[in-house]
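Notes to accompany the following structure.
The values are calculated or read from the model by the stated rules, or taken from the named source; none is laboratory data. Please read all numbers here as calculations on a predicted model, not as lab measurements. In this analysis, Cβ positions are derived from the backbone assuming ideal geometry, glycine residues included, and neighbour counts consider all displayed protein chains. For the accessible areas, the whole protein counts, side chains as well, though only heavy atoms, and no ligand, DNA or RNA atoms are used. Shrake-Rupley method; radii C 1.70, N 1.55, O 1.52, S 1.80 Å.
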Amino acid sequence: MERTLLERQFPQELKTMSERDLGLLCCEIREFLLEKVSRTGGHLASNLGVVELSVALHKVFDSPKDKIIWDVGHQAYVHKILTGRAADFDGLRQKDGLSGFPKRCESEHDFYDSGHASTSISAAMGYAVARDLKGEDHQVIAVIGDGSLTGGVAFEALNNAGHRGTSLKVILNDNEMSIEGSSGSLSKYLSTLRTSQKYLEFKKNLKQTLKGKKVGDNIYHGLENLRNTLRSAVLPGVVFEELGFKYFGPVDGHNLKEVMDTLEMTKGIEGPVLIHVVTRKGKGYRNAENNPEKYHGIGAFDPATGVVKGGSAFTYSKVFGNKLLQLAAEDDRVVAITAAMMEATGLARFGQRYPDRFFDVGIAEQHAVSFAAGLALSGMKPIVAIYSTFLQRSYDEILSEVCLQNLPVIFAIDRAGSVGNDGETHHGVFDLSYLSHMPNMTILLPKDGKELADMLEYALTLNSPCAIRYPRGTAEDFSEACGVKPVDGTCEVLKPGTGGPVLVAGGKMTGIALKAAAYLGNIGIEAGVVNLRFLKPLDVTGLKQALSGASALITLEDNVLAGGLGATVSAALKQEGVSLPELQFGWPDRFIPQGSQDQLFEDFGLSPEKIAERIGEFLERKA
């Protein structure tokens, strides 16, 4: 009886499997991935594309002695299956379950906690140099996608490794796709490499011609120079070899034998080696092949139809994109920038309608911000739409190039706060802390979709930097219950205080504050609620009025407490002589694990019920 993936002894069993059995294993893995990811959600297309590559890597190399480092890590599901974790996939990306990314605490076969792009070559070089310093003998392999290679840190690592001559292998997984398509000159260069066989044929023929010939050094070097000249003529640049890497490829990433043979052939080569493997994202599942963007990171879905289960189309990202279209129609100076996240940030329609005013710079967040600074200096109105967790990479550019020059760049910070199942590397819970101390920066916290749209319009009237941060998921609408107040630099009193505690919240936490106040009302505690809206500049006058006669100041934020909303409000009020008992709600000084947003809010005491319960206990102690 044929054993299932759960019963196999991986990775040891791979070493004894025939080529035919390995091919059947690849089919079995694809079926397994489709079954499991359709239930839990996750990164499907990228993993379907690296099945043969992952099998070949574990067949040829000996993990954990040899170190395989996955860039970003969202394509490491197959690696996890092949290292004995197939039985854990029912808990993929769930609370206390299998991570969607490599984690060193999870397996001895995971060597780097990843989640952000472009870092694998740097990490691999660190491993390789340490190996050499310690006199050890093992292989170090970095697997990086063509999209990740657009990140500047990847080129820094290539340059350094090539210059030092460090022995390591870089596998370039070229699927012609980052999350939403590779862009720029590198993408065009790789496309040329994929399609041009002239250089490869010429190189092969020249080697055969030289082989065994007794030619003098002068003739030999002359032929070498001729080869290099012709190489540049046939395929200009040859970037990787010029950087000091021995280049092999392109290799058909779905031809298992070809991949294994190439890995075996290059295994003993000293110095830096780059193997260019061409794959297809979503391979084996037609829906994912036809629409790899949709199936890059997807929720639970019906594998027969591809239809996602549940969810709402009316997200904050859609609200942002729709409003930006309207504003762009009214002002041709409005331009939009994203870092390989066009669809995810709600900019797809903008890019289609205004292609000359839309810029996808690839996975290059630092460049995106500096580029926006140049646009702003030239009289344009740039909007930079990037996830909170990825904007962290641009800290210096935001501070030194945008804020220092006081430039009107708008940062549309998507996925701010907890994002749920993607875990530690993707929670956007630090942006308030790293933006709030930047001079000239305005920080806006919309409570719902309507306020996000109004704030975007307001931000375009400013002549200085502005950040608007909003959460992942369905856009709420409090306009009917709370009315609509113009965005004018002031806070908004949603529920007046009557001598009890006043809850001051911003963004997503405003809705939670309203619910918490309702729970408090059920136990006889009348609490006021203030929608802060502007964290910077802070409406201290409005806050003092709202807190007049309050028994306590309660702050709520979807950000870490250190340096966040609560700390900012507390310090500002104390400077004004306002002293009240305080209780702050936010994320603690630790990395937040994976789990659904509801689970995490419950576990960390940020659900309306838990907040109300803790406020009641706090007031009781103070009384």
- Cα centroid distance between region 23-76 and region 471-526, in Å? 46 Å
- Message: Can you tally the lysine pairs in region 490-623 where the Cα-Cα distance is under 18 Å and the two residues are eight or more apart, or on different chains?
- Response: 9
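Could you state the orientation-averaged shadow area of the convex hull built on the Cα atoms of region 417-549, in nm² to one decimal? Can you show the working numbers first?
Numbers: hull surface 36.5 nm².
Result: a mean projected hull area of 9.1 nm².
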- With every protein chain left in place, what is the accessible area of Arg349 in Å² (1.4 Å probe, nearest 10)? 120 Å²
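Compute, for the chain, the length of the dipole vector about the Cα centre, with Cβ point charges of +1 (Lys, Arg) and -1 (Asp, Glu) only. Units Debye, rounded to 20. Can you show the working numbers first?
Values: 66 positive and 77 negative charges, 262 e Å.
For this selection, approximately 1260 debye.
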- Message: Amide H of Phe585 versus every other amide H placed in the peptide plane: which residues, excluding those fewer than 5 positions away on the same chain, fall under 5 Å?
- Response: Thr555, Leu556, Glu557
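Working with all protein chains in place, sort Glu330, Glu28 by solvent-accessible area computed with a 1.4 Å probe, largest first.
Values: Glu330 125, Glu28 50 Å².
Listed by decreasing accessible area, they come as Glu330, Glu28.
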- Find the accessible area per residue for the chain; the probe is 1.4 Å, ligands and nucleic acids are left out, and the unit is Å². 41 Å²
- Note on the structure: Sorted by chain and number, the residues with a modelled amide H under 5 Å from that of Val251, at a separation of 5 or more or across chains, are His276, Val277, Val278
- What the Cα atoms of region 435-489 span along the principal axes, largest first and in whole Å, is 35, 23, 15
- Would you mind checking the radius of gyration and Dmax of the chain based on alpha-carbon positions, in Å? 27.3, 99
- Task: First compute the accessible area of the chain with a 1.4 Å probe, then give the percent of it belonging to carbon and sulfur atoms.
- Result: 50 percent
- Task: Please report, in whole Å, how far the alpha carbons of region 1-116 spread along each principal axis, starting with the longest.
- Result: 36, 31, 23
- 1/(1 + (r/R0)^6) with r = Cβ-Cβ of Ser479 and Glu31, R0 = 45 Å, i.e. FRET efficiency to nearest 0.05, evaluates to 0.40
- Taking the Cα centre of region 324-410 as the origin and placing charges on Cβ (Lys, Arg +1; Asp, Glu -1), which of Ala336, Gly374, Ser394 is farthest toward the positive end of the dipole? Ala336
- State, to one decimal in nm, how far the label point of Ser400 lies from the label point of Glu156, with both points 7 Å from Cα in the Cβ direction. 1.1 nm
- Query: Ignoring ligands, DNA and RNA, how do Met265, Met260, Met342 rank by accessible area with a 1.4 Å probe, largest first?
  - Reply: Met265, Met342, Met260
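Counting only DSSP beta bridges with both residues in the chain, what percent are antiparallel, rounded to the nearest 5?
Numbers: 9 of 64 bridges.
If we restrict to bridges inside the chain, about 15 percent are antiparallel.
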- Query: Which residues in region 307-339 place their backbone N less than 15 Å from a point set 7 Å from the Cα of Arg349 along the Cα-to-Cβ direction?
  - Reply: 313-330
- Task: With a Förster radius of 45 Å, plug the Cβ-Cβ distance of Asp132 and Ala329 into 1/(1 + (r/R0)^6) and report the FRET value to the nearest 0.05.
- Result: 0.15
- Taking 7 Å along the Cα-to-C-beta vector as the label spot, tell me the Lys574-Asp90 distance in nanometres, rounded to one decimal. 5.1 nm
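Checking the a/c ratio against 1.5 first, then a/b against b/c, what shape does the Cα gyration tensor give for region 261-411?
Working: a/c = 2.53, a/b = 1.29, b/c = 1.96.
Cα axes put region 261-411 in the oblate bin.
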- Query: To the nearest 10 square angstrom, what accessible area does Val78 show with a 1.4 Å probe?
  - Reply: 0 Å²
- Message: Once ligands and nucleic acids are excluded and a 1.4 Å probe is used, how much of Lys281 is accessible, expressed in Å² to the nearest 10?
- Response: 10 Å²
- Sites Lys309 and Arg104, calculated FRET efficiency, Cβ-Cβ separation with R0 45 Å, nearest 0.05: 0.85
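Dividing the Cα convex hull volume of region 529-623 by residue count, how many Å³ per residue is that? Before the final figure, lay out each step's value.
Values: hull volume 10.5 nm³, N = 95.
Cα convex hull per residue, to the nearest whole number: 111 Å³.
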- Task: Give the angle, between 0 and 90 degrees and rounded to the nearest 10, that separates the Cα long axis of helix 19-40 from the longest principal axis of the Cα atoms of the chain.
- Result: 10 degrees
- Point-to-point label distance, Lys246-Ala518, nm (Cα→Cβ direction, 7 Å offset): 6.8 nm
- Query: Which entries in the list Lys294/Lys381; Lys283/Lys318; Lys36/Lys283 go over 24 Å, if you measure between the two C-alpha atoms of each?
  - Reply: Lys294/Lys381; Lys283/Lys318
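When only the heavy atoms of the protein chains count and the probe is 1.4 Å, how do His116, His437 rank by accessible area, highest first? Write out the running numbers ahead of the final one.
Working: His116 40, His437 100 Å².
These residues rank, largest area first, as His437, His116.
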